[in-house]
Amino acid sequence: MNYRYQLDRTSKKTVCPKCGKRRFVRYIDMQENTYLPEKYGRCDRQDNCGYHLNPYSDNYGKDKAGYEAIIIPSPIVMEDVPVSFMDDTTALKSLKNYGQNYFILYLKSLFPDDLVEQLVQAYEIGTSKHWEGSTVFWQKDVSGKYRTGKIMLYDPLTGKRVKKPFNHISWAHSAMKLNDFHLKQCYFGEHLLGKEPEKPIAIVESEKTAFIASAYYPEYIWLGTGGTNGCRWYQYSVGMVLKNRDVFLFPDLSIGGKAFFDWKEKAEKLSRLIPSSNFYVSELLEAKATDDMRRNGADIADYLVGFDVRTFNVPSELSETDTSSDAASSSEEIIVVPKHKGAQDKQTNIQKEKPKPTNKSDREIGKQTRLFKYNPGVFTQRFSLME
């Protein structure tokens, strides 16, 4: 059934009536091709704001024709329009001027230059002139085509996004004023999937987090969704690139664990849609979070940057497929998303292993390296917990 009132599908955002951030997606009257009153819409900051007023919730549009008038009497033909792509030359020309790229400058304060250069090349990070020092995170799909690029500005010292006096975020196709551009987003980093078909996949929200985590955990292919619901990553049309893979989700923190439960629900949906893949949801952050971290919406990268990437490693004598008890130890819980339809929470299998001491070389660097198995027999993963 096609509804008369639908959320705007373009990239246009307005100021949210609740939080005051320009992250608000308004509802459109599909019959009249006009926006509904400003109060109707959804804030993209679902974890920190959560505002969503649906026109159906308060009987908006109920008139002489009756409530049924809200639904379009004769269905609109909602055929999928052809996906638009950016010109390869445009993207490739941006892969330079890294000395002027604030995000890259921040990364070089964390990691060795050669590692930064390696990852910048892998993820095809670009430099934009849209704002001085801004970065382009290209969305290159699994077939090698550029869907668009997200332009953002970061503080070169803190690595935080610049949000004042306004939120510095835009799109490459919008900045270039491309007409009739039909955007269908994909995962950030999706183009890496075809290069290493056997690697497990890790999914996080932000592009920045995917990039940073890949420096610490090269055993994964790290993908970014671009937000809690970014790129509609939980829909089959987007998630089908995850077929026949082990997929691990690392939700951001939020007050009351809202983001965690939201991603868990979406993972269960994907598990039904893509039964050939195994989906897991990490509870690491939920178990370790402070109230401040929840309020600030911390993510896995906020943990990782506290460690020196050069000493953040695993003893070489431990194989990736070592299933011995000494090789895997952690206090983290990993939720294994059930494959069967209609599974209840109580049927969710949670794997736990108690922490055990590691060898002398790990203790010498002043941190305890802990290994834990997300999926015994598939691969072993490492993580150093903050003391």
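The values are calculated or read from the model by the stated rules, or taken from the named source; none is laboratory data. Please read all numbers here as calculations on a predicted model, not as lab measurements. Glycine also receives a Cβ, built like all others from the backbone with ideal geometry; neighbour counts cover every protein chain displayed.
For (1) at pLDDT below 80; (2) outside any strand (DSSP E or B), each residue gets a yes or a no:
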| position | (1), (2) |
| --- | --- |
| K12 | no, yes |
| K18 | no, yes |
| K21 | no, yes |
| V25 | no, no |
| P37 | no, yes |
| Q46 | yes, yes |
| P55 | no, yes |
| Y60 | yes, yes |
| P75 | yes, yes |
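Among the residues that make up the stretch 237-245, is at least one of them touching an Asp or Glu at 6+ places or on another chain (Cβ under 9 Å), among the aliphatic types (A, V, I, L, M), assigned to a helix (DSSP H, G or I) and touching a residue at least 60 places away in the same chain (Cβ under 8 Å)?
Yes, there is a match, as at least one residue in the stretch 237-245 is touching an Asp or Glu at 6+ places or on another chain (Cβ under 9 Å), among the aliphatic types (A, V, I, L, M), assigned to a helix (DSSP H, G or I) and touching a residue at least 60 places away in the same chain (Cβ under 8 Å).
Just one of the numbered conditions (1) over 20 Å from the mean Cα position of the chain (by Cα); (2) within 16 Å of F211 (Cα to Cα); (3) not small (G, A, S) is not true of L193; which one?
(1)
What's the number of the condition E198 fails, among (1) surrounded by fewer than 22 Cβ atoms within 10 Å (Cβ to Cβ); (2) touching a residue at least 24 places away in the same chain (Cβ under 8 Å); (3) in a loop (DSSP other than H, G, I, E, B)?
(2)
Considering only the stretch 203-236, how many residues are of a type outside the set (G, A, S) and either free of Cβ contacts under 8 Å to residues at least 12 places away in the same chain or in a loop (DSSP other than H, G, I, E, B) (or both)?
11
Can you tell me which residue in the stretch 133-173 is farthest from I201 (Cα to Cα), limited to those that are polar (S, T, N, Q) and out of contact with any helix residue (DSSP H, G or I) (no Cβ under 6 Å at 6 or more places or on another chain)?
My answer is N167.
Would you confirm whether or not the stretch 115-125 contains a residue that is touching a residue at least 60 places away in the same chain (Cβ under 8 Å) and among the small types (G, A, S)?
Yes; the residues of the stretch 115-125 include at least one that is touching a residue at least 60 places away in the same chain (Cβ under 8 Å) and among the small types (G, A, S).
Taking the stretch 96-154 only, how many residues are of a type in the set (F, W, Y) and in contact with an Asp or Glu (Cβ under 6 Å, 6 or more places away or on another chain)?
2
Quickly run through the stretch 77-92 and pick out the residues that are acidic (D, E) and modelled with pLDDT of 50 or more.
Residues satisfying the conditions are D80, D87, D88.
Between I300, I350, which is in contact with a strand residue (DSSP E or B) (Cβ under 8 Å, 6 or more places away or on another chain), modelled with pLDDT under 90 and under 26 Å from Y236 (Cα atoms)?
After applying the criteria, what remains is I350.
Starting from the stretch 33-54, take each residue that is surrounded by fewer than 19 Cβ atoms within 10 Å (Cβ to Cβ) and list its partners that are outside any loop (DSSP other than H, G, I, E, B) and of a type in the set (K, R), counting only C-beta distances under 6 angstrom and pairs at least six apart or across chains.
Correct list of pairs: Y35/R26; H52/R42.
If I filter the stretch 155-177 for residues that are in contact (Cβ under 8 Å) with a residue 24 or more places away in the chain, within 16 Å of the chain's Cα centre (by Cα) and crowded, with 22+ Cβ neighbours inside 10 Å, do I get at least one hit?
No; the residues of the stretch 155-177 include none that is in contact (Cβ under 8 Å) with a residue 24 or more places away in the chain, within 16 Å of the chain's Cα centre (by Cα) and crowded, with 22+ Cβ neighbours inside 10 Å.
Just to check your reading of the model, which residue among S109, S84 is more than 20 Å from the chain's Cα centre (by Cα) and within 20 Å of S206 (Cβ to Cβ)?
Selected residue: S109, the only one of S109, S84 that is more than 20 Å from the chain's Cα centre (by Cα) and within 20 Å of S206 (Cβ to Cβ).
Across the stretch 98-129, what is the total count of residues that are surrounded by 14 or more Cβ atoms within 10 Å (Cβ to Cβ) and either among the aliphatic types (A, V, I, L, M) or not in a helix (DSSP H, G or I) (or both)?
Total meeting the criteria: 16.
Residues checked against (1) over 27 Å from the mean Cα position of the chain (by Cα); (2) over 13 Å from L7 (Cα atoms):
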site	(1), (2)
C19	no, yes
M30	yes, no
C49	no, yes
D58	yes, yes
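Condition check ((1) at negative phi; (2) hydroxyl-bearing (S, T, Y); (3) in contact with a Lys or Arg (Cβ under 8 Å, 6 or more places away or on another chain); (4) crowded, with 17+ Cβ neighbours inside 10 Å) across all residues:
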site	(1), (2), (3), (4)
E265	yes, no, no, no
K269	yes, no, no, no
I274	yes, no, yes, yes
S277	yes, yes, yes, yes
Y280	yes, yes, no, yes
E286	yes, no, no, yes
T290	yes, yes, no, no
R294	yes, no, no, yes
G306	yes, no, no, no
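Could you list all residues from the stretch 134-145 that are of a type in the set (G, A, S) and buried (at least 20 other Cβ atoms within 10 Å of the Cβ)?
Within the stretch 134-145, just S134 meets the criteria.
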